[in-house]
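One structure is given here, and the rest of the page talks about it.
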Protein chains: 2
Amino acid sequence: MTEQPDSRFHGVSRKELREVRSQLLMLLEQGSLGQAKDVLVHLLPADIAEAIEELPEAQQAIAFRLLSKDEAIEVYEDLNSNVQQSLVEEFKRQDVLDIVDKMSPDDRARLFDELPAKVVSRLLGQLSPMERQATALLLGYEADTAGRIMTPEYISLKENLTAFQALERIRSLARFTETVYYLYVVDVARHLTGILSLRDLVTAQTEQTIGEIMTRDVVSVNTDADQEAVARTIQRYDFLAMPVVDREQRLVGIVTVDDVIDIFEEETTEDIYRMGGVQSGGDDYFQTDLITVARRRVVWLLVLLLTNTGTTAVIHSQEAMLQKVVALSSFIPLLIGTGGNVGAQSSTVVIRSLNVDQLESNHPMWVIRREAMAGAVLGLMLGVIVVIWAYFLQGSLAVAIAVGISLVAISILASVAGSALPFVFRAIGFDPALMSAPFITTAVDVLGVTIYFAVAGFILDKM
Amino acid sequence: MTEQPDSRFHGVSRKELREVRSQLLMLLEQGSLGQAKDVLVHLLPADIAEAIEELPEAQQAIAFRLLSKDEAIEVYEDLNSNVQQSLVEEFKRQDVLDIVDKMSPDDRARLFDELPAKVVSRLLGQLSPMERQATALLLGYEADTAGRIMTPEYISLKENLTAFQALERIRSLARFTETVYYLYVVDVARHLTGILSLRDLVTAQTEQTIGEIMTRDVVSVNTDADQEAVARTIQRYDFLAMPVVDREQRLVGIVTVDDVIDIFEEETTEDIYRMGGVQSGGDDYFQTDLITVARRRVVWLLVLLLTNTGTTAVIHSQEAMLQKVVALSSFIPLLIGTGGNVGAQSSTVVIRSLNVDQLESNHPMWVIRREAMAGAVLGLMLGVIVVIWAYFLQGSLAVAIAVGISLVAISILASVAGSALPFVFRAIGFDPALMSAPFITTAVDVLGVTIYFAVAGFILDKM
């Protein structure tokens, strides 16, 4: 949230935004700055930011300068970090400083994370003392903690104020805080003693004291709490904001609900990337250079390749059997592929449930047993089809039956691996999402061929 | 949000909740209802709901009856739909009716979606006229639209009220609406003409009129807008709520930010399930019976199996070559496995970006070309390792080189398929998430073995 985020409500569709963008570009190239300004003035900050991001770099600074000071601050907060950085470099000291000084401390801390250390220390040194203190406070906490994402701009009240006095105070402070909807009550040592909502205050009798209206038992988080845990708590209780306290229970800031949505999106992207075997860097994948991308992807690929050499070794050890019944080799990809898919399904549902705290109440063994049964059912359904197809393709009943039986066994095994490994990973302190589709698929490959050759060897011997 | 969601702020940790749960169970089994009530009275509704959900079914109704009427309504809204249903069946008519009558209309509509039609029509017939109208309104809209998730409980004002009069009105209505923080201005025909926040109102002069304070240009959505689009708009502009209008621009309800978080979670689960090849039913996977689970998973597995029979057919057609150089078969899983993993990585990053609207500004061809380059870089890095391993394992340089070259070609191809297919799917109107890891992996299998045999045939001929 920016200052007074809710005092404007214009908005445009994606299509209109595309039109605005090309119109803006045309006007800037023609040098019709007045008209370009008229185009921007009707948009909301988030839309202006998007229009500016799409401009060629040379035009970004020009377009940005067309904005009024107040607008510039809000738009700047909404820009992506690449554009924020290039604007810092484009501008003269004082221009940037004014904007950076007026940003909300949490957005500013996020910007400082991305900027070169030299620029940060220069900017930090020139902020007004109050803003410098606020920023230094946030930068002192580790990334992804409550301390880092909170804003120190909230309204605090003393217990002995009357509702009338409190409303007066809010009136005078409303412009400078992120939210006025939750009000925090502190004692002389700034310990958080209570909380009330603006709704409570507005509906109270004017002569009641804050101490009488407030709720004393407050849900708060510590500064070093993980940002995802904070977000989950806000979601759970449908809060609009949550107070952050230090070890001595002194109020130091609040986390607001708009940040929660962004945190969930960031954490979800990280989960999804992990599930796809891509290391996430917290930044935009498509803005990262190719070398970084390759580095983030190759680690997983190497691990998987190593696992796959196991599969190769197993097949290599069975070359005598393959030489005799060459038809066996045609079914390897089908068997391990299907096993991988069944396992990927199991790991997907288990990982997602673990990540949204849905499986707290179910015992892992219950989940694994259930997945094993699902695997058996699915394996049987697919196995019947595969036996027919295999017999039709190469005419040997023995091979066809070996393929069918292997498929059932592999499906059960894949379901068990897919559902058990995320639990194992969580138990040893890793993110269960690491045990996802690519890994399960590859692990099932090794086990799959082993089972297949064992079953085939046994059946070919008998028939 | 429930009525006055923010007037209580107690909260417990997961560990405490587990203790509460076992204590509660013990007390209920002993029949110490008074003590059980004392345990519950200190918890927030979301925590009480979770404690009740974990109880054996026989105890759920008993625990629920311990709650005060007001508490019961809030807790009931937080229960999962299975428990809500079983409670409806446990209770006598009047008990349920009181609770259902006092639920927020959007939560009630969600409950009615899950209940048997007979129960719904009985309950609906017995609601108070106002609540019946509100519920019927919501139930009239399609699932997953703005109309279905909105609440008709908001505060609307007329332009000619003064700020003072408006505050008086809010004071009297605050108990009955979901949020008092955004106020909607309508004309006599209920057309939405403006919006203001409680912050705007509190900071205004008492004699100013609403018409003077309000913002006229309002961002609103239509009743049939997709719920995810509504959520994205609220996220984009950091709103706390958003007005929903009918075709004639008349205000019919609002969507609040707490619902947005739940919508994102629901939509993300759907995306992740799709990416794992599991059809999602919008309900909790682990609460669904095994037959439904198997049905939702088998469709995808059959599609993939069909694709895999292609791989089998390709290998089968090359049995003559395999008979001659049996070592070739050992490397098939490694090659198609690695290809599948590279492709899964590409499809993961592209699908996620498409789903969070991040790729609007990049041309698909740019993305695909970039992924192809990444695939080439990764393929070369892995290829070198694989050549060495392949030579070491079976001693034939020709086979080792064929494996290495194939790996590079397969990696490029997999990256292109992984990044291009999501775009293709979106262009023809499907969810890009359908083109995810399992599908890419399987598609790459067929293409992979084809490339491998072509390369191997060529090299074995020459060397």
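General remarks:
- Note on A:Leu33/B:Asp217: beta-carbon distance plugged into 1/(1 + (r/R0)^6) with R0 of 30 Å gives a FRET efficiency of 0.80.
- With a 10 Å cut-off around each Cβ of B:193-203, the average count of Cβ atoms from other chains is 5.
- Peptide B:317-329 has a mean shielding of 4, counted as Cβ atoms of other protein chains within 10 Å of each residue's Cβ.
- Under Karplus coefficients 6.51, -1.76 and 1.60, residue-wise ³J(HN,Hα) of the range A:45-56 in Hz, glycine/proline x: x, 4, 6, 4, 4, 5, 4, 5, 4, 7, 6, x
- Cβ-placed point charges (K, R +1; D, E -1), dipole of chain B about Cα centre in debye, nearest 20: 1460 debye
- Of all beta bridges that DSSP places with both ends in the protein assembly as shown, some 80 percent have antiparallel geometry.
- Mean residue ellipticity (222 nm) of chain A, computed from DSSP H runs ≥ 4 via -39,500 (n - 2.57), nearest 500: -21500 deg cm²/dmol
- Vicinal HN-Hα couplings computed from phi for the range A:320-328 (Karplus, 6.51 cos²θ - 1.76 cosθ + 1.60; Hz; Gly/Pro x): 4, 5, 5, 4, 6, 10, 4, 4, 4
- Between helix B:93-102 and chain B there is an angle of about 80 degrees, using the helix long axis and the longest principal axis of the Cα atoms.
- When each of A:Asp431, B:Asp271, A:Asp98 is scored by the number of other beta-carbon atoms lying within 10 Å, the sequence from fewest to most is A:Asp98, A:Asp431, B:Asp271.
- Counting 0.36 nm for each residue step from B:Ser128 to B:Ala143 and taking away their Cα separation leaves a gain of 3.0 nm.
- Placing pseudo-labels 7 Å out from each Cα toward the beta carbon at B:Gln323 and A:Leu380 gives an inter-label distance of 3.9 nm.
- Shape call, the range A:285-462: gyration tensor on alpha carbons, a/c limit 1.5: oblate
- Three-way shape label, chain B, alpha-carbon gyration tensor, a/c 1.5: prolate
- Between B:Thr193 and B:Val185, B:Val186, B:Asp187, the built amide H atoms are under 5 Å apart, and every one of these is 5 or more places off in sequence or on another chain.
- Karplus-derived 3J(HN,Hα) values for the range B:261-270, using 6.51 cos²θ - 1.76 cosθ + 1.60 with θ = phi - 60°, are 4, 5, 5, 4, 5, 4, 5, 5, 4, 4 Hz; glycine and proline are entered as x.
- The mean number of Cβ atoms from other chains found within 10 Å of a Cβ in peptide B:370-380 is 3, as a whole number.
- Amide H partners (placed H, <5 Å) of A:Val252, local residues excluded: A:Val244, A:Val245, A:Asp246
- Two-site FRET efficiency, A:Met365 against A:Met26, from Cβ-Cβ distance with R₀ of 51 Å, rounded to 0.05: 0.20
- Each of the peptides B:329-335, A:306-312, B:123-129, B:66-72 was scored by the mean count of other Cβ atoms within 10 Å over its residues; in descending order, highest first, they stand as B:329-335, A:306-312, B:66-72, B:123-129.
- Distance between modelled label sites at A:Gln208 and B:Glu114, nm, 7 Å Cα→Cβ extension: 3.4 nm
- Residue order, fewest to most beta carbons within 10 Å, for B:Tyr76, B:Tyr184, B:Tyr141: B:Tyr141, B:Tyr184, B:Tyr76
- Pairwise label distance in nanometres, A:Arg169 with A:Ser86, each label 7 Å out on the Cα-Cβ vector: 4.6 nm
- Order of A:Met373, B:Met463 under a 10 Å beta carbon neighbour criterion, fewest first: B:Met463, A:Met373
- Using C-alpha pairs under 8 Å with a sequence gap of at least 6, the mean separation divided by the residue count of chain B gives a relative contact order of 11 percent.
- Positive-end ranking of A:Ala390, A:Phe264, A:Val219 along the dipole of chain A, with charges on Cβ about the Cα centre, is headed by A:Ala390.
- Cα long-axis angle, helix B:290-317 against chain B (0 to 90 degrees, to the nearest 10): 20 degrees
- Stretch gain in nm, segment A:Asp262-A:Gln287, where the contour uses 0.36 nm per residue and the Cα spacing is subtracted: 7.1 nm
- Axis angle, to the nearest 10 degrees, between helix A:129-139 and the longest C-alpha principal axis of chain A: 10 degrees.
- Gyration tensor verdict on the range B:14-140 (Cα atoms; rounded if a/c is under 1.5, prolate if a/b is larger than b/c, oblate otherwise): prolate
- Highest to lowest packing among A:201-211, A:236-246, B:449-459, scored as the average C-beta count within 10 Å: A:236-246, B:449-459, A:201-211
Only the coordinates and a few stated rules stand behind these numbers; no lab work does. Everything numeric in this text was worked out from a predicted model, so none of it was measured. Positions of Cβ are backbone-derived with ideal geometry, glycine not excepted, and every protein chain shown enters the neighbour counts.
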